[in-house]
Amino acid sequence: MCRVLPMTLVEITFELQLPLTSQQLRELGGFANTYGLRRFRTDDSGRRVTLEYDASRLKRTELVNVLRRAKIPVVRMVDPLAEAAASAAVGS
């Protein structure tokens with residue numbers, strides 16, 4: 001009997017210094033096929049990348065290391081809740 005272990009899916013967004021190159025996208029794709037990275041997407045500007053990963057298999061620090069190895073220049077981790085609150089405050 002095969003037992004299926006539960007996954008803990010987490011999304012994390014990083015702001016980038018520069019948009020991703022095709023080589024960097026390929027490296028992320030290769031990593032996704034090997035580890036717990038389920039998918040990734042960029043925003044329209046290409047300056048943010050959102051990663052969905054299985055936190056039961058992969059840690060946030062490992063994701064940061066993957067981005068470093070792919071020479072992806074991360075500025076900061078984006079907190080979507082804080083940004084939504086800031087946007088709401090500006091719009092009030």
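Entry remark, the stretch 16-75: residues being part of a loop (DSSP other than H, G, I, E, B) and aromatic (Phe, Trp, Tyr) number 1 in total. Go through the residues of the stretch 17-34 one by one and say whether even a single one is under 12 Å from the mean Cα position of the chain (by Cα) and at pLDDT 90 or above. No, the stretch 17-34 has no match at all. Pro6 fulfils the conditions (1) out of contact with any Phe, Trp or Tyr (no Cβ under 6 Å at 6 or more places or on another chain); (2) surrounded by 13 or more Cβ atoms within 10 Å (Cβ to Cβ) except for a single criterion, (2).
Restricting Leu28, Leu18 to those that are surrounded by 13 or more Cβ atoms within 10 Å (Cβ to Cβ) and either free of Cβ contacts under 8 Å to residues at least 60 places away in the same chain or under 23 Å from Leu81 (Cα atoms) (or both) reduces the list to Leu28.
Whenever a residue of the stretch 54-78 is farther than 17 Å from Val10 by Cβ and modelled with pLDDT of 85 or more, its partners that are surrounded by fewer than 12 Cβ atoms within 10 Å (Cβ to Cβ) and not aliphatic (A, V, I, L, M), lying with C-beta atoms within less than 6 angstrom and at least six residues away or across chains, give the pairs Pro73/Gln17; Val75/Gln17.
The values are calculated or read from the model by the stated rules, or taken from the named source; none is laboratory data. This structure is a prediction, so every number in the text was calculated from the model and none was measured. Cβ: placed from backbone, ideal geometry, glycine included. Neighbour counts: every protein chain shown.
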